[in-house]
Every structure is written in structure tokens, then in C-alpha cells.
1. Restricting to the range 115-163, what's the tally of residues that are under 18 Å from Asp244 (Cα atoms) and of a type in the set (Ser, Thr, Tyr)?
2. Only residues that are exposed (fewer than 13 other Cβ atoms within 10 Å of the Cβ) and under 11 Å from Leu194 (Cα atoms): list them for the range 219-247, please.
3. Are any residues in the range 147-191 under 13 Å from Leu128 (Cα atoms), assigned to a helix (DSSP H, G or I) and not hydrophobic (A, V, I, L, M, F, W, C), and if so, which ones?
4. Tell me which residues, restricted to the range 132-166, are among the polar types (S, T, N, Q) and open to solvent by 10 Å² or more (accessible area, probe 1.4 Å).
5. Being surrounded by fewer than 18 Cβ atoms within 10 Å (Cβ to Cβ) and in contact with a Lys or Arg (Cβ under 6 Å, 6 or more places away or on another chain) is the filter here, so list the residues in the range 13-59 that pass it.
6. Quick one: in the range 116-131, which of the residues that are without any contact (Cβ under 8 Å) to a residue 60 or more places away in the chain and open to solvent by less than 60 Å² (accessible area, probe 1.4 Å) is farthest from Arg175 (Cα to Cα)?
7. It is to be established whether one or more residues within the range 192-199 are closer than 16 Å to Leu124 by Cβ and part of a helix (DSSP H, G or I).
8. Are any of the residues in the range 64-77 open to solvent by 50 Å² or more (accessible area, probe 1.4 Å), in contact with a Phe, Trp or Tyr (Cβ under 7 Å, 6 or more places away or on another chain) and closer than 30 Å to Thr200 by Cβ?
Amino acid sequence: MQFVIVAMILSVMSFEYLVFIGWVPQLLAYAPEILAIAASAAVVFAGVRSRFQYVRPIYWLIFGALGLVAICGAVANLLEPGPLFAGIRTYLRALPFFFLPAVLAVKERQLRVQLLVLLALCALQLPLAWYQRITMPPGHLTGDRTFGTLMGSGILSLFLICVACVLTGFYLRRRIPLWLYLTLLIVILLPTALNETKATLVLLPIGLMVTFYAGSARGARLKNMLLSVIVLAGFMAIFIPIFDHFITPRWGYGIVEFFTMEGRVERHFMRGTEMGDRATAGRLDTIMAALSELSKDPSTLFFGFGIGNASDSALGSQFVGAYFEKFSQFPTSTLAGLLLEFGVLGLGLVLLLHLLIFADSLAVARQDHGLPGALAVGWTGTTAVIMLCFPYTELIAMPVTSFLYWYFSGLVVASRMRGVQSAVAPEPVRKLQAAT
């Protein structure tokens, strides 16, 4: 399965971009889903043999409850086959990679290769983002076109912030020295300034603070928290001037003024836009409009409009949800999408699922001092950042925040279930177990 996992990492990080620039055929954009079919076969075959003993029962309960909510929503709304198929594809395509580490243990050297491949692809984002920024066509002053290989500036920044959390976990567990940690941090995070992602100033401090706290022993917690403040201050000293260099000619003021100006941040998120208004909507307006529409009927409030019934689809017009056009005036976000298609019950279950992943990450971070423990330290910050982004942007439809998040979450979850027999066991231990 090592080939499938590495190929998945390469495909979600680069193939969509390579299709965009015309270097590879369109079919390769579906490579992650083709690889997911291979992963599904492995999960079924190996899982049946092992009786899925390394999957916590609570996860089966949550996934089963989500499936029941999806069925109720589809039946209540007489969901058409097209949106139903598109919705199932969107929500389930990455899940085989969540279960894969539970049925097939990942060896330490395999995980190391996976992480090194991922790190190399992350490092490529800086020169590519710089090239995209300096070659921007005249009149395009926004940083939205600076997206590296991930086809979205916001997704690029979110992903790199999560990578910074994982790097922090490896530093705290002494897997990398301080000088290398700081160097990699600069290389990884500079694109977030080039593409003008304002959310970086909120997401990065929270992600790093959570990671430093989770990865610190009680006696070293204060020292490491102080170090996190120093690291953040150093990054801000680099981030703000670069951000202001690009934004001030357009805005007339810098990023600090944006956050301190009365009513500016509030209006960015909430503008009071309602259904039918032509005014530009804020991100929280989407959630309020969704709740307003759903609450008209108890069945839609609890089960939503049906899986895929409020989403667009690249497969064709017959796969587009019936409620997509109605909400197209509002910015899309994960939270709003889950509300519309799964209702308050489905949203609550998804939030509980992510809280369980956070709890498992924290447990592995405290109990395991090997490679999976270092990953788990960073995964506490990653999960916190992902949850914070629910009302901010769309995550489920993006391959990089879907496939990679579920795979590494599954690895951490499996590590907790395996206990001393870690999901990523050192080679000598594995050989000794095989001999006995």
C-alpha cells in the first residue's frame, strides 16, 4: 500500500494544477479517487481478516448515524439520483484512507518517506507562489491567483498552517533541530503572506499554541509556550510588511488597520444579507440563511435538504443539487454545506467526529514518544485549525484537505487503538514480533 499512499499524496498535491496548466490529461485529476478504490479493496480484504479490531467502536457508531441521517434526508426530500451520486462521491471518496492504517500497519520508514515527499511538495509552494505573484496579469492586484499547486489561495494558506503545526510537533519531540524547524517554518509560511490570507493571523497563532501546549511536558509547558510567542512574533515581523507591501496600494491601509478599524472585521463576516438580496453576503450570512430556510420544516432542520442537494458538481448539470442555485449568492463554507445537506443532526455528528480525532491525537501525543507521537502532537493543532475553518471555507470538496486529512487522522486514531503496538512500529520491534 506504500505506492498507493505516496501516489495519493503526489496526486492531491499536484495533479489538479498540472491539468490546469495543460501538462497532463484531464483524467489524472481523478487519480485520487481511482487510488481510493484500491484503498477500499485493501480495507475490505484486510479489515475482514482482522475484524477491524483497531477501529474504535465509537467511530462506527458516528459513521453509521451519519449514514442514517443521509438516508433520512434523501427520502424526505425525494432526492434525485444525480445529486445523490455526486454527494456520495464528495463525502465518501477519501474515507477509505481513514480506515487504511487501522487494517494495514504503516511502518516507520514508510511514514518517513510519506512525510518527506509531502514536505518536498510543500517547499515547492514558495517559489511557485512567488512566480504566480510577480507574473500576475496587469489589473489583477488580488492575491487570489497565488495558489501554488492547490488551486485556491485560502486552501493553500490553510494547508500550510497545518503543515507548520506538524513541523512544530516534530520539533517538540526533538525529531528536527531548532534551526531547521525555524527555516522550514519560514519557507512553508511565506506563501500565506504572498497570497494575502488574512485568516493566517488568526489560524496560525491558535494552531501553534494548541500544538505547543499538547506537545509540552508539564515542567516544560511554560518555556515552550513562551517559545511559541517568540516564534509567532518573529513570523509576524516578516508577514505584516510583505502583506502590507501588496495590499496597501489597493486598500490605502495595512493589515493591522484592517483588524483595528471599527466595524471592518465584523462586516467581512456579517452583512445582514438575506435570501433574494443582491447585496454581497458575508460568510456568516450563509449560515444564518441556511438555518432560516431549514427551520421552515422540522425534517429539513434535523436532516437537511439531502446529501449533494445544495452542491455544485463538475460532472454535469444533472448532478447539481436542486438548492445550489438558491444559495449561490452566499459564500460557501463547510459548516453551511453540512447544515444544508445534513441538518443540525448531521452537523453535530461531524463536529463530534472531529472532536474525537482531536482527543485521540492528544492521547497519542501524551503516550507515544515515537514517530506517530510526534505526528499526533502536530495533529492536535491541525484538527483545531480545521474545525476553526468550518465557517470560513469549503474543505470537503478540496482533495488536499480531504484525502490527506483523513489519511493522517486515521493513522493517529489507529495508533491509539494499537497501544504499545503502534500503527507505526519501529522496524526492530516489528521483526521481533514476526519472529515470535
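1. Final tally of qualifying residues: 4.
2. The answer is Pro241, His245.
3. Ser153, Pro191
4. The answer is Gln132, Thr135, Thr142, Thr149, Ser153.
5. Glu33
6. Leu128
7. Among the residues of the range 192-199, at least one is closer than 16 Å to Leu124 by Cβ and part of a helix (DSSP H, G or I), which makes the answer yes.
8. no
The values are calculated or read from the model by the stated rules, or taken from the named source; none is laboratory data. From a predicted model like this one, the values you see are computed outputs, not experimental measurements. Cβ atoms come from the backbone with ideal geometry, glycine included; neighbour counts cover every protein chain shown. Quick note on the areas: whole protein, heavy atoms, side chains included, nothing else; ligands and nucleic acids left out. Shrake-Rupley method; radii C 1.70, N 1.55, O 1.52, S 1.80 Å.
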